[in-house]
Amino acid sequence: MPDTDIPHHECGVLGIFAPQEDVARMAFFGLYALQHRGQEAAGLAVSDGQTIRLHKDVGLVSQVFTPANLAPMSGHFAIGHTRYSTTGSSNARNAQPFVIETIHGPVGLAHNGNLLNTAELRQDLLTRGIGLQAGSDSEVMIMMLAGAQGETWFDRIQATMPRWRGAYCLAILTRDGVYAVRDPWGFHPLSVGRLPSGGHVVASETGALRTLGCVAIREVKPGEIVGLTDSALRVRQAVPAERQLARCTFEHIYFSRPDSFWDGLTTHQVRQRLGEELAREAPIDADVVIPVPDSALPAAIGYARVSGLPNNDGFIKNRYIGRTFIQPTDSLRKQGVAMKFLALEENLRGQRVIVIDDSIVRGTTSGPLVRLLRDAGAREVHLRITCPPIAHPCFMGVDMGTYNELIAHRMTLDEIRDHIDCDTLHFLSVEGMMRALGRTGGYCNACFTGVYPLEVDPSQSKTGFERHIA
């Protein structure tokens, strides 16, 4: 039962070089720590120095992998992927990693992000007679690597990177190595850590690295290639980092785990400061502050701290209903948001409630949440959002919908308030959001401002490359 009123990320990527470990089993737990970044498909490729073995399918990590299918995946090198689709539909054909045979040996690729010039690159491959069977930009990237010039994989990756425009964090697997690659704008996080037993791990979030016991963690820098090919990292600044970096603000607002650390910031602390800024911008007489679980929990703590109001639970969340692939019956579907949240009447009856949430995208769940609170006896409901209104789509790897789907593009603030039926509504300002980050620049706020760091094509379709492939 997919949640249509939250931003969806494309994926999490993972790469491991661990000569003393069972890398397939390690990768399983690393992917488990990245499951929140994508629940449509999962995959794992392992190399023993000669052969790459691949297993991937649609579903959650726990559904795709079993002891039986992990057992034959022996080796020292691995890459893995959890997917939410932003280019290419959600089917097995687009599951990652992609693995192909090349003149230089087998190569695999796992990708987080979204290229803006995929149509141009795809047409170039087709014109040269190179066949494509998936509908994603990630397949285009691996086919470009297969035909790249250079003596080493470092050289071939470096030669290809200038042609990629947009967001990409990559874990690339060869017969005898793993490479981590990050775009020069630094859109999404990618970090590498050292294993105490020897070897290294690269992952979309530091939480996955710590799950696997990594120490000495650092970010892969924008425009950098990091090779996990022996006991010491090999690093190359393949393309210059852009002067104006464009880190995704939404990583801190919603996507990343609270324990994630990037750009020198811990996500949990940033979210608390977002709540603090909200309390300063939009104070209101009320009795209690409640969060919409889970990403708004730290922000509610921050709001309560500054406002001096008590912070309490108002919703109980079923954390698993959104991850089932069994569709509800018609009668259950009508229950809507009540299948995912239940209100705690004892904490709400007769109360003037401030509700903290991380975002409103399409506006389909905020109204039902407000109704749940009123039905539970809340006297007033004041909604506070920890980011500015999302009025523009993202083209850098976040599925937020089209202009017509975004409620903040179609309605004024007062119209959104009336549509949701809350007493007051306030979105955090861009300035307040950046104060919470402690930054004056270096972030992409295009979904709020409409100012994109790169030229975009608003007509770009998520499944536009699949018209002729059934």
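Tabulated data for the structure shown
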item: Unmet requirement for Cys422, which otherwise passes all of (1) over 21 Å from Pro298 (Cα atoms); (2) surrounded by 22 or more Cβ atoms within 10 Å (Cβ to Cβ); (3) under 19 Å from the mean Cα position of the chain (by Cα); (4) not hydroxyl-bearing (Ser, Thr, Tyr); result: (3)
item: Subset of the stretch 158-181 (residues that are over 18 Å from Phe395 (Cβ atoms) and assigned to a strand (DSSP E or B)); result: Leu170, Ala171, Ile172, Leu173, Thr174, Gly177, Val178, Tyr179, Ala180, Val181
item: Qualifying residue in the stretch 123-132 (condition: in the same structural domain as Val192 (by TED's automatic domain parsing), in contact with an Asp or Glu (Cβ under 8 Å, 6 or more places away or on another chain), small (Gly, Ala, Ser) and surrounded by fewer than 24 Cβ atoms within 10 Å (Cβ to Cβ)); result: no
item: Filter result (farther than 15 Å from Cys248 by Cβ and either without any contact (Cβ under 8 Å) to a residue 40 or more places away in the chain or in contact with a Phe, Trp or Tyr (Cβ under 7 Å, 6 or more places away or on another chain) (or both)) within the stretch 155-175; result: Asp155, Ile157, Ala159, Thr160, Ile172, Leu173, Thr174
item: Among the candidates Met396, Met433, Met400, residue that is within 23 Å of Ala119 (Cβ to Cβ) and out of contact with any Gly (no Cβ under 9 Å at 6 or more places or on another chain); result: Met400
item: Matching strands (runs of 3 or more DSSP E) fully within the stretch 352-432 where at least 1 residues are touching a Ser or Thr at 6+ places or on another chain (Cβ under 8 Å); result: 352-357, 380-385
item: Members of the stretch 26-40 that are among the small types (Gly, Ala, Ser), within 24 Å of Tyr254 (Cβ to Cβ) and either out of contact with any Lys or Arg (no Cβ under 6 Å at 6 or more places or on another chain) or outside any loop (DSSP other than H, G, I, E, B) (or both); result: Gly30, Ala33
item: Search result, residues across the stretch 28-72 that are of a type in the set (Gly, Ala, Ser), at pLDDT below 95 and over 18 Å from the mean Cα position of the chain (by Cα); result: Gly49, Ser62
item: Flag for Gly150 being outside any strand (DSSP E or B), more than 25 Å from the chain's Cα centre (by Cα) and either of a type in the set (A, V, I, L, M) or at positive phi (or both); result: yes
item: Test result for Val64, closer than 25 Å to Phe255 by Cβ, surrounded by fewer than 22 Cβ atoms within 10 Å (Cβ to Cβ) and touching a helix residue (DSSP H, G or I) at 6+ places or on another chain (Cβ under 8 Å); result: no
item: Strands (runs of 3 or more DSSP E) wholly inside the stretch 41-130 containing at least 2 residues that are among the β-branched types (Val, Ile, Thr); result: 52-58, 77-83, 98-102
item: Which listed residue is farther than 16 Å from Ala27 by Cβ, not in a loop (DSSP other than H, G, I, E, B) and not aromatic (Phe, Trp, Tyr), from Leu145, Leu209; result: Leu145
item: Tally of residues being over 30 Å from Asp423 (Cα atoms) and not in a strand (DSSP E or B) across the stretch 238-257; result: 11
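The values are calculated or read from the model by the stated rules, or taken from the named source; none is laboratory data. Because the structure is predicted, anything quoted here is derived from the model rather than measured. Please note: Cβ atoms are built from the backbone with ideal geometry, for glycine as well, and neighbour counts cover all protein chains shown.
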